[in-house]
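As structure tokens, the structure follows; a few thoughts come after it.
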Amino acid sequence: MSESKSLLSSPVQIYALGGLGEVGKNLYCIENDSSILIIDCGVMFPEDSMPGIDYIIPDFTHLKENASKIKAMIITHGHEDHIGGIPFLLQSVDVPVIYAPKIACALIRHKLEDNRIRTNTKLIQYDEDTIVKAGDFKVEFYHVTHSIPDSFGLFIHTPQGTIMETGDFKIDLTPVDADFNLSKLTRFGDEGIDLLMADSTNAEKEGYTSSERTVIKGIADVFSEASGRLIISTFSSNISRIQQIIETAIRFKRKIVIFGRSMMSNVEAAREYGYIKVPDESLADPEDLKHLSPDQVCILCTGTQGEPMAVLARIARGDHRDIHVLPGDTIVFSSSVIPGNTASINRVINQLTRLGATVVTNSVLTNLHASGHASKQEMRLLQKLARPKYFMPVHGEYRMLKLHADIACECGMNKDHTFVCENGDVLILLNHQVIPGGQVPADAIYIDGKSPVSISTSVLRDRSTLIAEGMVGVYLMIDPKANRLVSAPVVESKGFISSNKRGLQKKASEVIGLEIQRLMNSGKKVTYADIKQTVRTITSHFLYREAHRTPMVIPVILTYSPESNGKEIVR
């Protein structure tokens, strides 16, 4: 497009609704006055401090308000933090078409079927030769290496300039999948990249990330040393790792039993498209575990991050229907720790060890995992090959984004041309220049179950209070006509610990009763809301003074009058 036409076109906005300041729920948008192109739509899994939450997804408010401008969604690869939010998005926003690589298409299709999502959205498979036109934008693709086959970076042409988005990547020169297309990346660099958006997950690690092929020996060593059952857990979307485990199990003549809904679904999809090759006779059903010798069993399951409902956590608690830890079991964590999950993982490891299992985790000695993300030297190489004018690090916590921006400066970029953004921050691309420009709504949305309805932060705060401090219920019976308390307040507690619980409840009842009667005798018009607020305030102050605790206080008001024949009304 000529320079005169680009100046007449609307500015292009670039922003993230998820993926900045966090590892997960990636969702990036390219937008102008007539078009929106969505890149990825992932989930993030909750930490221990988020009780009852199943997923965290991006805030779709801006997309709902501008739904008529959405032209397409492009998926870079099939990991949950890039596709897991799609069922939630499609329940509230119409996306005309989703373009995804082959294995990601299969995983998305399974995900929509599992969630019973009926949609008119087209799902179209792309490869490296595909060119997608979405409104005012044109997208080309280049293959990258990652921990799942069919991972791609994007080269986006806009009326105001060009944008490259790497997706998740590392530069693996001996991959188990296809090679990183460095020549095509270099060609895009020669054409000119105005803004580079690149994966920052491993920005703290110097050197190069290990090749996926280095894991094969570590896995084989574990197989050769295990005398009993092998229970191996890895990310269910790490298709390359799963294939290596299966190949090793077959070599050691072990039957493979798969547990975990996501693991079963992903293996099924990967087998369908030829990414996982395993003969039917090497697979066994859960019922076969009763008859197989322990040294003939390899169980493949989910739960590497300590997720409470995943297979490993249920085994650790002893409540899995088919698997109980036996003497001689070896349990392998073939994964890295996602930030925020350390405590959950350690808890599961300790429980499994207490049950008598030998637990093996990734280390410099065992080499059971290779990251799918680029380390510093690969990031430097990317900068040299792409040679962007401006740089926006993505996919990482704040310190990772900042370190990645520093790497760009090491490679010769002007510091003023790097942008360490937060979710919702907007960059403006206008005539090949990039400047900051405003914000869009980008809160985290907490999902309880499968509903797209969000859980508010106040609900999370209440749940945390119940866990940490317990609950105190205060029951009042009031005669509104006589303007009096019928009886002393009843104070009951759950999860609230005190060395003198009954004495504290009796004393609290006296204090609350005096204060409520004083309120009702004040001569002012008193509402039920006034009574409840007074109960909360007096009870909270009293309990903090006496026990230094702040439990949740729940007032319950019962109304009574002689004419009601003893019937009570709860308010």
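Miscellaneous remarks
- Residue tally, condition aromatic (Phe, Trp, Tyr) and buried (at least 18 other Cβ atoms within 10 Å of the Cβ), over the stretch 207-242: 2
- Residue in the stretch 212-226 that is part of a helix (DSSP H, G or I), farther than 23 Å from Gly78 by Cβ, in contact with a Phe, Trp or Tyr (Cβ under 9 Å, 6 or more places away or on another chain) and hydroxyl-bearing (Ser, Thr, Tyr) present: yes
- Pairing each residue of the stretch 227-240 that is part of a loop (DSSP other than H, G, I, E, B) with any residue that is aromatic (Phe, Trp, Tyr) and buried (at least 24 other Cβ atoms within 10 Å of the Cβ), provided the two are 6+ apart or on different chains, yields C-beta distances under 9 Å for Thr234/Phe333.
- Reported count of residues in the stretch 305-343, each being free of Cβ contacts under 8 Å to residues at least 12 places away in the same chain and touching an Asp or Glu at 6+ places or on another chain (Cβ under 6 Å), is 0.
- Meets criteria (buried (at least 23 other Cβ atoms within 10 Å of the Cβ) and assigned to a strand (DSSP E or B)) for Ile156: yes
- Reported count of residues in the stretch 177-208, each being in a loop (DSSP other than H, G, I, E, B) and touching a Lys or Arg at 6+ places or on another chain (Cβ under 6 Å), is 2.
- The strands (runs of 3 or more DSSP E) located wholly in the stretch 408-513 include none with 3 or more residues which are over 19 Å from Lys532 (Cβ atoms), among the hydroxyl-bearing types (Ser, Thr, Tyr) and at pLDDT below 90.
- Tyr99 meets each of the listed conditions (1) touching a residue at least 24 places away in the same chain (Cβ under 8 Å); (2) within 21 Å of the chain's Cα centre (by Cα) apart from (2).
- Test for Val257: is it among the aliphatic types (A, V, I, L, M) and free of Cβ contacts under 8 Å to residues at least 40 places away in the same chain: no
- Count of residues meeting criterion [more than 30 Å from Ala220 (Cα to Cα) and touching a residue at least 60 places away in the same chain (Cβ under 8 Å)] in the stretch 359-382: 3
- Val139 falls short on exactly one of the conditions (1) within 25 Å of Glu268 (Cβ to Cβ); (2) among the β-branched types (Val, Ile, Thr); (3) part of a strand (DSSP E or B), and that condition is (1).
- Residue in the stretch 271-278 that is without any contact (Cβ under 8 Å) to a residue 24 or more places away in the chain and of a type in the set (Lys, Arg) present: yes
- Selection status of Gln433, open to solvent by 40 Å² or more (accessible area, probe 1.4 Å) and over 16 Å from Leu195 (Cα atoms): no
- Which listed residue, of Asp168, Asp179, Asp136, is crowded, with 21+ Cβ neighbours inside 10 Å, more than 22 Å from the chain's Cα centre (by Cα) and of a type in the set (D, E, K, R): Asp136
- Flag if Ile245 is among the hydrophobic types (A, V, I, L, M, F, W, C), modelled with pLDDT of 90 or more, farther than 25 Å from Ile103 by Cβ and buried (at least 16 other Cβ atoms within 10 Å of the Cβ): no
- With respect to the conditions (1) more than 20 Å from Phe137 (Cβ to Cβ); (2) touching an Asp or Glu at 6+ places or on another chain (Cβ under 7 Å), Ala67 lacks only one, and its number is (1).
- The residue of the stretch 544-559 that is farthest from Gly495 (Cα to Cα), among those that are open to solvent by 20 Å² or more (accessible area, probe 1.4 Å) and either out of contact with any helix residue (DSSP H, G or I) (no Cβ under 9 Å at 6 or more places or on another chain) or of a type in the set (A, V, I, L, M) (or both), is Leu558.
- Residues of the stretch 82-109 satisfying the condition of being open to solvent by 30 Å² or more (accessible area, probe 1.4 Å) and part of a helix (DSSP H, G or I): Lys102, Arg109
- Single condition Met50 does not satisfy, out of (1) at pLDDT below 95; (2) outside any loop (DSSP other than H, G, I, E, B): (2)
Yes/no per residue for (1) over 48 Å from the mean Cα position of the chain (by Cα); (2) touching a residue at least 40 places away in the same chain (Cβ under 8 Å):
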| position | (1), (2) |
| --- | --- |
| Gly473 | no, yes |
| Leu485 | yes, no |
| Val490 | no, no |
| Leu504 | no, yes |
| Ser509 | no, no |
| Glu515 | no, no |
| Leu519 | yes, no |
| Thr527 | no, no |
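- Across the stretch 248-288, the qualifying residues are those that are among the β-branched types (Val, Ile, Thr) and open to solvent by 20 Å² or more (accessible area, probe 1.4 Å), and the one among them that is farthest from Leu112 (Cα to Cα) is Ile250.
- Near pairs, Cβ below 7 angstrom, 6+ apart or cross-chain, from the stretch 147-162 (free of Cβ contacts under 8 Å to residues at least 24 places away in the same chain) to any residue that is assigned to a strand (DSSP E or B) and surrounded by fewer than 24 Cβ atoms within 10 Å (Cβ to Cβ): His157/Phe137; His157/Lys138
- Test: residue in the stretch 390-397 that is under 21 Å from Val176 (Cβ atoms), in a loop (DSSP other than H, G, I, E, B) and open to solvent by less than 40 Å² (accessible area, probe 1.4 Å): no
The values are calculated or read from the model by the stated rules, or taken from the named source; none is laboratory data. As the structure is a computational prediction, the values presented were derived from the model and not from experiment. A quick note on method: Cβ atoms are made from the backbone with ideal geometry, for glycine too, and the neighbour counts reach across all protein chains shown. Accessible surface is based on the protein model in full, side chains and every heavy atom, while ligands, DNA and RNA are left aside. Shrake-Rupley method; radii C 1.70, N 1.55, O 1.52, S 1.80 Å.
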